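Beneath this line is the structure, given in structure tokens, with notes to follow.
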Amino acid sequence: MIKTPYDRVIEKFLDREVQPASRIIDVGCGTGWTALFLARRKPGSQIVGIDIDTLTVHRANALFRRARREKLVQCHRCGVEQLRVRFGTQMFDCAITSHTLHHFERPAAALRQIRAVLKRGGRLLLVELSPRYGEALDDCPRYSLVKIKEFVRRAGFRRVGGAERAPGVVLVRASR
Ligand SMILES: C[S@@+](CC[C@H](N)C(=O)[O-])C[C@H]1O[C@@H](n2cnc3c(N)ncnc32)[C@H](O)[C@@H]1O
């Protein structure tokens, strides 16, 4: 896979923020590159991906099998709206959600679902493109760093921090 400057910013962020031997959920994991990156970089971690799209889930699991990481990382079909029912509360040390917030109909409600499956003190790591970059790609609404932090706080997270890094990547971290 050819890495873009966007990918490199995100990988650096995840590498810095995710502890080894963590139980991680990747919400809206898409075809699985973030989850696979973490399976390779964070020894002893167990990673669950979820995505609402069936074909995407199959593609992610095929990627993990090809990389011989299928025992450490699996993807399931599940919407963010069903997280608490599907996984129960306080199951994960870390939740990642990358390029997904603009897809969620109710961003704060989606983040509340993510918070529910995190252990006390568990970490949320969120990645989005800034409105200037994201809105040039598709018709989805994009949110500023300030707005995203507001959603995250409204969902009940604390210690909410973040930054925008060139080229137009918004990185947010928070604790349950
Ligand atoms: C732009 S892709 C991002 C994929 C991946 N996280 C990445 O960084 O490359 C957005 C993903 O969110 C998924 N998605 C959209 N709405 C969702 C929902 N309500 N619950 C779970 N996943 C959803 C889509 O199917 C898609 O795979």
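State whether the residues of the stretch 98-105 include one that is away from the ligand (no atom under 11 Å from the Cβ) and modelled with pLDDT of 95 or more. Within the stretch 98-105, none of the residues are away from the ligand (no atom under 11 Å from the Cβ) and modelled with pLDDT of 95 or more. Looking at the structure I just gave you, is Lys12 of a type outside the set (Val, Ile, Thr), surrounded by fewer than 21 Cβ atoms within 10 Å (Cβ to Cβ) and without any contact (Cβ under 8 Å) to a residue 12 or more places away in the chain? Spelling it out, Lys12 is indeed of a type outside the set (Val, Ile, Thr), surrounded by fewer than 21 Cβ atoms within 10 Å (Cβ to Cβ) and without any contact (Cβ under 8 Å) to a residue 12 or more places away in the chain. Selection within the stretch 85-97: residues that are more than 13 Å from the ligand (Cβ to nearest atom) and not hydrophobic (A, V, I, L, M, F, W, C). The member of this set that is nearest to Arg142 (Cα to Cα) is Asp93.
The residue that is farthest from Ile10 (Cα to Cα), counting only those in the stretch 29-73 that are within 8 Å of the ligand (Cβ to nearest atom) and part of a helix (DSSP H, G or I), is Thr56. One residue stands out in the stretch 122-176 among those that are modelled with pLDDT of 95 or more, touching a strand residue (DSSP E or B) at 6+ places or on another chain (Cβ under 6 Å) and of a type in the set (Gly, Ala, Ser): the one that is surrounded by the most Cβ atoms within 10 Å (Cβ to Cβ), namely Ala174.
The values are calculated or read from the model by the stated rules, or taken from the named source; none is laboratory data. Quick caveat, the model's predicted, so the values are computed rather than measured. Here Cβ is always computed from backbone atoms with ideal geometry, including for glycine, and neighbour counts include all displayed protein chains.
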